[in-house]
1. What's the FRET efficiency of Q261 with K122 using the Cβ-Cβ distance as r and R₀ = 30 Å, to the nearest 0.05?
2. Over the chain, with a Gaussian network built from C-alpha contacts below 10 Å, which listed residue (A198, A372, A310) shows the highest mean-square fluctuation?
3. Comparing M285, M395, M272, which has the greatest mean-square fluctuation in the GNM of the chain with Cα pairs linked when under 10 Å apart?
4. Starting from the 7 Å offset along Cα-to-Cβ, what nm value, one decimal, do you get for the label separation of I131 and N327?
5. Farthest toward the dipole's positive end in the range 84-156, which of I151, L138, T126, given Cβ charges of +1 (Lys, Arg) and -1 (Asp, Glu) about the Cα centre?
6. What does the charge dipole of the range 84-156 about its Cα centre add up to, to the nearest 20 debye, if the Cβ of each Lys and Arg holds +1 and the Cβ of each Asp and Glu holds -1?
7. With a cut-off of 8 Å between alpha carbons and a minimum separation of six or more residues, what is the relative contact order of the range 84-156 in percent?
8. Pull up the cross-link candidates among the aspartates and glutamates for K419, meaning alpha carbon to alpha carbon under 16 Å and not fewer than 8 places away within one chain.
Amino acid sequence: MAVPPLAHREIPLFAGLAVVIALVFAWLGAAYGVRMLVEASCYAIIALGLTIQWGYAGLFNVGVMGFIALAAFVTVLVSFPVNAAFWNGDGPALLGWTALYLVIGVAITYGLSRSHRLGLPKSLRTALTLIAGAVTYLAVQGTLDPAASVIESEAGFIGGFGLPVWFGWLVGGVAAGGLGWVMGRITLGLRADYMAIATLGISEIVKAFLKNADWLTRGTLTVSPLPWPVPTPQELGFVFSRSAYLCVTAAMIVVIYVLLQRAWASPWGRMMRAIRDNELSAAAMGKDINRRRLEMFVIGNVIIGIGGAALITFTSIFDPSAFAPLNHTFLIWVMVILGGAGNNLGAIFGAFLVYVIWIMSEPVALFLFQQAEIWGDELFGWQAPGDLHTRALQMRVFIIGLTITLVLRYAPQGLIPEKVMKHD
């Protein structure tokens, strides 16, 4: 099957976006512009993961923030320098006992839940499973609390393993995919609205755990500076260092885009479209609907995790309290919807456009407010309030809301909607 050429609207859209980005470079300088592009490229990777779930499989995941937070933490754990104070103290041994209790308890609980082959009544099997789970929790918590206190007093937190950053991104993506597998097993049988609530709740649980586990993440004390996969600004200068980081994220976008395009054009992709468009017909053809959706959910979360890990690494600080649904869930949904769900190129375009609008709303609004203050004072003697900077920052949400409203009104399928795939 031949790849369809660019539609007539895509060339002017990308050309217009390039002009806007060039204006940002001219107004605020190269260092600011490159930083904006790096962050937008990380969001583009995350948007590609979400468009797999929503555009390909129709899965309503509003827990994106949780997958980003987990992947970012795992990246810190893998790539942050080794904390010798932790390894030379009593913490590793205490955590070892905690892990042993956890493994044994999970194994016993899982075995009891599958003990129907032994002929046990269902009510007895359920009661034994609940009791085993409760005992496991108490045993793990009873050993984890003393271990956490010892670690915090001896070393502050456990630190990392000092491995390459790119490896941390991959492991973070796998961790996000693993969490997606667990969540998918729980939520994929639910209706879309129930699935949204479940993913949101689990996302908040992940954030709360990372925020309060000081022994593991330093909590609100944060972990910084995070190692980069390229020379840092202190080593190479802001523009060149950020440009090198941009090259890395741009290469990741290209690789992920090509792989997704090939997968979507394959028989597997045609099967996923059939499941999305007509679930009953696909089930009648013998397709395992929940299994295929679980595949899409896991793959999407792996990509979301990799993009989120790259984004947090670029900020050079891991702060669990900084993860917010507005920045790390809602904004990404706007990118996918505005760009065009089910279109990989649309997701990339939407990510860059929305992030440019998001990041530039504040300086543009502040400039307009300051001009209004000057003209108002000269013409009417009007004195502006003293919190113009705060009001300009708040304009971000208004501008994004206005943008998505206009797009949904005049282009409900997105600026670059999904192409209808025709097969010979």
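Where a number appears in this text, it was derived from the coordinates with a stated rule and is not lab data. The shown structure was predicted, so the numbers you read here are calculated from the model rather than taken from an experiment. FYI the Cβ positions are ideal-geometry reconstructions off the backbone, even for glycines, and counts take in every protein chain you see.
1. Values: r = 48 Å, r/R0 = 1.59.
Computed FRET efficiency for Q261 and K122: 0.05.
2. The residue that fluctuates most here is A372.
3. Highest fluctuation of the listed residues: M285.
4. Simple spin-label model gives 4.8 nm for this pair.
5. Looking along the dipole axis, the top candidate is T126.
6. 760 debye
7. Dividing the mean separation by the residue count of the range 84-156 yields 53 percent.
8. Answer for K419, where 16 Å is the Cα cut-off: E10, D277, listed by chain and number.
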